[in-house]
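Below is one structure, written out as structure tokens; the observations come after it.
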Amino acid sequence: MARFVRASVALGLSVALVGPPGAARANASQSASASPSPSAQVEAPAAKAGQAGELRAVVTPLEVRGEIAPTDRTTLMQAFVAGLQRGQFAVVAPDPERETACKTPKCWQKVAREQDATHLVHARVVAVERDFDVEVTLLDGATGRPIAHSKEGCEICGISDVVALLETAAATLRTKLEALAQGPAMLSVVSSPSGAIVSIDAEVVGTTPLERSVLAGKHVLRVSAEGYIAVEREVTFVDGVSESLSFDLDKVPSRLPPRPWGWVSLGVGLASIGTAIAFAAIRDRPYELGNACSGANQDEDGDCRSLWSTEWHVLGFGLAGAALTTLGIAILINSARRRPASRPVALSVGSSGVAVRGRF
């Protein structure tokens, strides 16, 4: 009996400490779900970057043409990826099992879409005996088109020299990717008067007020408006930096006289035209009124000897009148353009009477 009691107590203690058979498996599954696998820990930051809309650059497998040992290929790829990973953006190392042999933008778009990449980095090494050429291309994942390209080469060199070339190319692309991560350069232009035409490198991009993105680098900006002196300026744009410019355009100086001279010219011109008409009316008429064409004042053919000859008077006064009239009209039109816009006429009625305000 005592032996049975001791066995029962020992069995109860073992069950209490270990738990039922299914409990061990449940605890094991819970601990496994609580601690992520190594692959999940590595992929989490990249997935988070892609979901947040941040820049995510995927490096494609190294393209090699020529005789390069597999170990040297690995060394070259590791050096290139390490150079890119120093930047402030997500970089995904190449997958050796995924072969990339794209030749068209659509193919690169597909690769970027499959790997959730905003940009692709493709490197190619061409080896001819001991001569090496290194080409590196940065592609836009949305369009599949290259946005940066570099090519370097060395003659009679070793793998260490090729590694240096790849590191230099990685540094160049890293700078470009960091600039892309900051966003494009922005241009904001306002002018007085507004509505001026804005051109960048002789290409019209809009009218003021204007706000748009521009390519980084030096560009010639031109702001022009009809009746105003155009302004040109060389501006250097930097990725991620907004450039705000303001222009006060000066009017083109008029070479015509003031408005009163327009009325004077118009009046003299009309008077000259009237004089020309008067001279044209008396042309070939006798000097004296009445029957003055008789006797000694008549030639053999019966024509008057003394007649008004006003051909040159008509021509001179007519040309002068036309020129002065045209000049007067031009002065009046030009001065009307330069006058400020008329204010609307306002009519007010009060206890003291009626008042009319405005420009007439």
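The values are calculated or read from the model by the stated rules, or taken from the named source; none is laboratory data. Note that the structure is a prediction, hence the values are computed from the model and not measured. FYI the Cβ positions are ideal-geometry reconstructions off the backbone, even for glycines, and counts take in every protein chain you see.
Quick grid of which residues meet (1) farther than 12 Å from Ser188 by Cβ; (2) free of Cβ contacts under 8 Å to residues at least 24 places away in the same chain:
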{"residue": "Pro209", "(1), (2)": "no, yes"}
{"residue": "Leu221", "(1), (2)": "no, no"}
{"residue": "Ala225", "(1), (2)": "yes, no"}
{"residue": "Glu232", "(1), (2)": "yes, yes"}
{"residue": "Asp250", "(1), (2)": "yes, yes"}
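Picking from Asp133, Asp161, which residue would you name as being acidic (Asp, Glu), over 20 Å from Ser242 (Cα atoms) and touching a Lys or Arg at 6+ places or on another chain (Cβ under 8 Å)?
On the way: Asp161 fails: touching a Lys or Arg at 6+ places or on another chain (Cβ under 8 Å).
Within the list Asp133, Asp161, the selection yields Asp133.
Determine the pairs where a residue that is farther than 25 Å from Thr175 by Cα, located within the range 89-102, has a partner that is assigned to a loop (DSSP other than H, G, I, E, B) with Cβ atoms under 7 Å apart, the partner being 6 or more residues away or on another chain.
Short answer, once both residue conditions are applied: Pro96/Pro61; Arg98/Pro61; Glu99/Pro61.
For Arg233, which of the numbered conditions (1) exposed (fewer than 12 other Cβ atoms within 10 Å of the Cβ); (2) touching an Asp or Glu at 6+ places or on another chain (Cβ under 6 Å) fails to hold?
With (1) exposed (fewer than 12 other Cβ atoms within 10 Å of the Cβ); (2) touching an Asp or Glu at 6+ places or on another chain (Cβ under 6 Å) applied to Arg233, the lone miss is (2).
Exactly one condition in (1) more than 23 Å from Pro70 (Cβ to Cβ); (2) of a type in the set (Val, Ile, Thr); (3) free of Cβ contacts under 8 Å to residues at least 40 places away in the same chain is not met by Val134; state its number.
Result: Val134 passes all but (1).
Here are some conditions: (1) in contact with a Phe, Trp or Tyr (Cβ under 7 Å, 6 or more places away or on another chain); (2) of a type in the set (A, V, I, L, M); (3) assigned to a helix (DSSP H, G or I). Leu180 meets all but one. Which one does it not meet?
Against the list (1) in contact with a Phe, Trp or Tyr (Cβ under 7 Å, 6 or more places away or on another chain); (2) of a type in the set (A, V, I, L, M); (3) assigned to a helix (DSSP H, G or I), Leu180 comes up short only on (1).
Out of the range 206-226, which residues are surrounded by 12 or more Cβ atoms within 10 Å (Cβ to Cβ) and farther than 22 Å from Leu180 by Cα?
Within the range 206-226, Gly206, Thr207, Thr208, Pro209, Leu210, Val220, Leu221, Arg222, Val223, Ser224, Ala225 meet the criteria.
Scan the range 118-162 for residues that are among the small types (Gly, Ala, Ser), touching a Phe, Trp or Tyr at 6+ places or on another chain (Cβ under 9 Å) and within 18 Å of Ala82 (Cα to Cα) and jot them down.
Within the range 118-162, Ala123 is the sole residue that qualifies.
Counting only residues that are in contact (Cβ under 8 Å) with a residue 12 or more places away in the chain and either out of contact with any Ser or Thr (no Cβ under 7 Å at 6 or more places or on another chain) or more than 25 Å from Ile147 (Cα to Cα) (or both), how many does the range 183-207 have? Break it down stepwise before answering.
Within the range 183-207, the first condition is being in contact (Cβ under 8 Å) with a residue 12 or more places away in the chain, and the residues that meet it are 183-202, 207.
Okay, now just the ones that are also either out of contact with any Ser or Thr (no Cβ under 7 Å at 6 or more places or on another chain) or more than 25 Å from Ile147 (Cα to Cα) (or both), so 183, 187, 189-202, 207.
Number of matching residues: 17.
Can you work out which of the residues in the range 168-189 that are surrounded by fewer than 16 Cβ atoms within 10 Å (Cβ to Cβ) and modelled with pLDDT of 85 or more is farthest from the chain's Cα centre (by Cα)?
Thr168
Of all the residues that make up the range 98-140, how many are assigned to a loop (DSSP other than H, G, I, E, B) and among the basic types (Lys, Arg)?
3
Check off (1) more than 17 Å from Thr236 (Cα to Cα); (2) in the same structural domain as Gly240 (by TED's automatic domain parsing); (3) not aromatic (Phe, Trp, Tyr); (4) not in a loop (DSSP other than H, G, I, E, B) for Ser194 and give me the number that stays unchecked.
Result: Ser194 passes all but (4).
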